[in-house]
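K.L.:
Have a look at this one before I ask anything.
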Amino acid sequence: MAEISDERVVSRDPSEELSCDGVEARHYLDRIAQIGDALTRDGAMGLILIDGTSLERIERSYGVQAHHNAGEMLRTLVREACRQDLSEHDLVVTGSASPDELAIFFFRPRSDDGFYRERLPELAQRLLDRIASEGQRIVYPYDRDAPYLPVGHATIFHNPGLGDQRQIFEAFEHARRDAKLNGAIARRERHRLFQDLVLA
């Protein structure tokens, strides 16, 4: 078992541990059977997706090790922000679109509507706020400014007529669209703030 804190466990495999010691998150395809089994068992699944593609510039400018360090720190922030809500069955894995995409799968019974309707969106916002306030830790000492990393979330319900991989892919697509929408809204708000400053 791989512990992420004194209170919670998120993985049964040491290679999935969210720590600061150089351990990488596994790719979601390595856990697709486990994800599919949980979706079938619970009837629903929540996903939070963090689009870390802006971290690519760290690798291009400073090399692989610098990028590796940034990825570790991102996972550390995720661990710190979500530790109270991660159960022993939940997974934190690399996403489907790029090596910098981080996915958190939450497995709760479909009947837990409070989690899916309220808690999951709250967690996504908490992550977004945490990255905004402490994101400079991710890129230090390579960059001074915190990166903007869009965060999206999605809930899907088990469809017995579809295979596991297709349902998981659809969850990624929904969460990715949500992240893009949140990113567009954030850019609009920054633009409006800039206009207000200019016109003041």
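K.L.:
When the range 105-164 is examined, which residues are found to be surrounded by fewer than 17 Cβ atoms within 10 Å (Cβ to Cβ), hydroxyl-bearing (Ser, Thr, Tyr) and more than 30 Å from His68 (Cβ to Cβ)?
P.N.:
Ser111
K.L.:
So how many residues does the range 48-77 have that are part of a strand (DSSP E or B) and in contact with a Gly (Cβ under 7 Å, 6 or more places away or on another chain)?
P.N.:
1
K.L.:
Just the residues that are among the small types (Gly, Ala, Ser), surrounded by fewer than 18 Cβ atoms within 10 Å (Cβ to Cβ) and within 18 Å of Ala132 (Cβ to Cβ), please, taken from the range 54-80.
P.N.:
Matches in the range 54-80: Ser54 only.
K.L.:
When only residues in the range 54-83 that are of a type in the set (Val, Ile, Thr) and farther than 16 Å from Leu127 by Cβ count, which is nearest to the chain's Cα centre (by Cα)?
P.N.:
Our first condition is that a residue be of a type in the set (Val, Ile, Thr); within the range 54-83, this holds for 58, 64, 76, 78.
If we keep only those that are farther than 16 Å from Leu127 by Cβ as well, we get 58, 64.
Values: Ile58: 19, Val64: 21 Å.
For the range 54-83, the residue satisfying everything is Ile58.
K.L.:
Test Arg12 against the criterion of being at pLDDT below 90, touching a strand residue (DSSP E or B) at 6+ places or on another chain (Cβ under 8 Å) and not acidic (Asp, Glu), and give yes or no.
P.N.:
Yes, satisfied.
Residue-by-condition table, conditions (1) more than 18 Å from Thr40 (Cα to Cα); (2) of a type in the set (A, V, I, L, M):
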residue: Val93; (1), (2): yes, yes
residue: Ala103; (1), (2): yes, yes
residue: Asp112; (1), (2): no, no
residue: Arg117; (1), (2): yes, no
residue: Ala132; (1), (2): yes, yes
residue: Gln136; (1), (2): yes, no
residue: His158; (1), (2): no, no
residue: Leu162; (1), (2): no, yes
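K.L.:
Now, a different point. Only residues that are aliphatic (A, V, I, L, M), assigned to a loop (DSSP other than H, G, I, E, B) and without any contact (Cβ under 8 Å) to a residue 24 or more places away in the chain: list them for the range 116-171, please.
P.N.:
Ala146, Leu162
K.L.:
Inspect all residues belonging to the range 26-38 and state whether any of them is under 17 Å from the mean Cα position of the chain (by Cα) and assigned to a loop (DSSP other than H, G, I, E, B).
P.N.:
Checking the range 26-38: at least one residue is under 17 Å from the mean Cα position of the chain (by Cα) and assigned to a loop (DSSP other than H, G, I, E, B).
The values are calculated or read from the model by the stated rules, or taken from the named source; none is laboratory data. Note that this is a predicted model, so its numbers are computed, not measured. Cβ: placed from backbone, ideal geometry, glycine included. Neighbour counts: every protein chain shown.
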